[in-house]
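Encoded as structure tokens, the structure appears first; notes follow it.
The values are calculated or read from the model by the stated rules, or taken from the named source; none is laboratory data. The structure presented is a predicted model; accordingly, all values stated were derived computationally and were not measured. Every residue, glycine as well, gets a Cβ built from its backbone with ideal geometry; the counts of neighbours run over all protein chains shown.
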Amino acid sequence: MVCRAEVSDLELHPEEGQVPKLTEELFRGLFNEVGQLEDDLTLRKYVFFAGMERNLRKEVWPFLLHCYPYNSTYDEREQIANIRRQEFEEITRRRLDLSGNQLNQFKRKIQSVVEKDVVRTDRGNPFFAGDDNPNLTVMKNILLNYAVYNPGLGYTQGMSDLLAPVLCELRDEVAAFWCFVGLMQRAVFVATPTDRDMDRSLKYLRELVRIMVPKFHEHLQNHRDAAELLFCHRWILLCFKREFTEAVALRMWEACWANFLTDYFHLFLCLSIICVYADDVIAQDLKADEMLLHFSSLAMYMDGEVITRKARGLLHQFRQLREIPCTLAGLCMRCGPGIWDSSHSPRIYCTGHEQYGYCPNSFN
Amino acid sequence: MSDLFKKELLFKILVVGDFGVGKTSIIKRYAEGTFSPKYKMTIGADFALKQLDWDSETRINIQLWDIAGHERFGYLTSVYYRYAVAAAIVFDLTRPDTFFAVAKWLADLRDKVSLPVGRPLPVIILANKGDVAANKVPPQIEEFCKKNHITSWYVTSAKENRNIDEAMNRVVVEVLENQRNNNLYNSDSVMLAEEMHTDKHNNGQLCCSR
């Protein structure tokens, strides 16, 4: 049995299909005379629902990834770009000045991994293909500089996969570096590769499944370790990059970066995939390891457009809930600056922390 | 004996080792018989299946778990390791550092995986990329194995398909011996294997193992 990816009109976000794609003309129209984006919500709404023309990415992504504030003027952005260029050069200098023990450590812990990974990242993309491709050196320099810039995080496998599309779309070493910095700073997005962030994402996802796809939750309860959700670790770590073709995956990235209606859209994308394929998994009574195999065999065969539309619908459904468990209260909080169109303030009920006398998930 | 009456076992075997030593290549070579110099780095959990008709009575389903070579998640790694019955630690003959990391991987395995009755996990070592550097086997390897109760190590080449089947067969032998020695056939580990795989073949299970 194969589930066909379908989504009925009833399951869609009410504004689905009514928001235009961001075009050059629409984009230019959003700036005032000094170059400020006064209405960033509209920009983010376009991106969230319909994406953008590809040639706009190099201009729009730096906003989405917080390189430039939305309300910055043309002049201010030029200044920021200049400062960033100098900073980047300074970071490069610091890296090249490493010596002795520090240099050894850096070579062993960072550089050797980066060098191994760069040559196996997106080589199918013409931008990175072929021997001695200079863009590989650029990718390497950005990753090494990032490790110098943020020694706490250094380099973790997966970063090269996140950087490559950014570099490819922006075609500028310095701009790509600062966008990458912004990408890695997104508090809840895929990129911060620590136990804690992944753990939190999985906890939220388990709760979303419990509330919104109860039959699948029941299935997870019936099989040992199924609730570890092994099958979606890679979805979250690489933000669906290995599950969909690049064009579709990048649309998903943008929709996540738009921070529209939620800072956790990636979890609704996970939930959407689960929803579409749940019946199949349940009908075959797949166990934890079989689910992993099942979903990894679906990679590159799922309809990303349908999944994304359904994800927006699920987000809408979630925001219609009058009450949510305390375990999901964090999902309604803003992680970064900016506002959503209207606040979603459901009643929050506590899921059984009575014995402690207080709720550990309380934010009040 | 027809297939229907074969005893089916499921072995979860981990393949660990530093980044870029060729874990994915070894797994693909063993499970699919193919090799590509272009595998992407492994992120998250993944495994491949290989079915072995071990003898006239036994079919073994091997799950080879591809564990990302870059330390990342303390807790998640232990989820990936859970219920493993053996492991292969891979290093790259062309990069001496990766051999020194073998001890670290071994410690991690011993720390996180324990078999019922507290037996240590059977482990083998694969010195990979033997096609380019077969003569660079670290001289300490014998002593290292002896000291750590590792019975075998192999120079392998996923590229040239050298010693991979031999090494994996050796792992299977060790797992079977381990289970036999411990008289584990009725205990958790094999029950797990059967439970994980055979409830779709209930007839076979009833005929053979009860």
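Scanning the range B:49-63 for residues that are within 14 Å of chain A (Cβ to nearest Cβ) and surrounded by fewer than 19 Cβ atoms within 10 Å (Cβ to Cβ) turns up B:Leu49, B:Lys50, B:Gln51, B:Asn61.
Listed here are the helices (runs of 4 or more DSSP H) enclosed by the range A:44-130 that have at least 2 residues being away from chain B (no Cβ under 14 Å), surrounded by fewer than 16 Cβ atoms within 10 Å (Cβ to Cβ) and more than 22 Å from the chain's Cα centre (by Cα): A:74-96, A:100-106. Taken together, the residues in the range A:18-35 that are polar (S, T, N, Q) and either within 12 Å of A:Tyr74 (Cα to Cα) or in contact (Cβ under 8 Å) with a residue 60 or more places away in the chain (or both) amount to 1.
Close contacts from the range A:287-298, counting a first residue that is away from chain B (no Cβ under 11 Å) and farther than 7 Å from A:Phe231 by Cβ and a second that is crowded, with 22+ Cβ neighbours inside 10 Å and charged (D, E, K, R), with Cβ to Cβ under 9 Å and a gap of 6+ residues or different chains, come to A:Leu298/A:Glu243.
Screening B:Val113, B:Val123, B:Val117, B:Val132 for residues that are more than 14 Å from chain A (Cβ to nearest Cβ), crowded, with 16+ Cβ neighbours inside 10 Å and out of contact with any helix residue (DSSP H, G or I) (no Cβ under 6 Å at 6 or more places or on another chain) leaves exactly one candidate, B:Val123.
The requirement of being among the aliphatic types (A, V, I, L, M), outside any helix (DSSP H, G or I), away from chain B (no Cβ under 14 Å) and more than 20 Å from A:Pro325 (Cα to Cα) is fulfilled somewhere in the range A:186-208, by at least one residue.
Against the numbered list (1) closer than 23 Å to B:Asp18 by Cα; (2) out of contact with any Cys (no Cβ under 9 Å at 6 or more places or on another chain), A:Gln86 comes up short only at (1). Scanning the range B:71-86 turns up no residue that is surrounded by 17 or more Cβ atoms within 10 Å (Cβ to Cβ), under 25 Å from A:Thr121 (Cα atoms) and modelled with pLDDT of 95 or more. The listed residues are B:Thr58, B:Thr24, and the only one of them that is under 21 Å from B:Asn161 (Cα atoms), in contact with a strand residue (DSSP E or B) (Cβ under 6 Å, 6 or more places away or on another chain), without any contact (Cβ under 8 Å) to a residue 60 or more places away in the chain and β-branched (Val, Ile, Thr) turns out to be B:Thr24.
Screening B:Asp66, B:Asp46 for residues that are more than 7 Å from chain A (Cβ to nearest Cβ), acidic (Asp, Glu) and under 19 Å from B:Ile13 (Cβ atoms) leaves exactly one candidate, B:Asp66. Could you please let me know if A:Ala258 is more than 14 Å from chain B (Cβ to nearest Cβ) and over 19 Å from A:His13 (Cβ atoms)? So A:Ala258 fails the test. The residues in the range A:1-38 that are surrounded by 13 or more Cβ atoms within 10 Å (Cβ to Cβ), over 20 Å from A:Gln320 (Cβ atoms) and at pLDDT below 95 can be counted, and the count is 2. Pull up the range A:131-175, narrow it to residues that are in a helix (DSSP H, G or I) and β-branched (Val, Ile, Thr), then point me to the one that is nearest to A:Phe106 (Cα to Cα). Among those that are in a helix (DSSP H, G or I) and β-branched (Val, Ile, Thr), it is A:Val148. Among the residues here, B:Phe19 qualifies as within 22 Å of B:Glu160 (Cα to Cα) and within 10 Å of chain A (Cβ to nearest Cβ). Entry remark, the range B:107-158: residues being on the phi > 0 side of the Ramachandran plot and not in a helix (DSSP H, G or I) number 2 in total. Condition check for B:Leu93 on (1) crowded, with 20+ Cβ neighbours inside 10 Å; (2) within 14 Å of another protein chain (Cβ to nearest Cβ): one failure, at (2).
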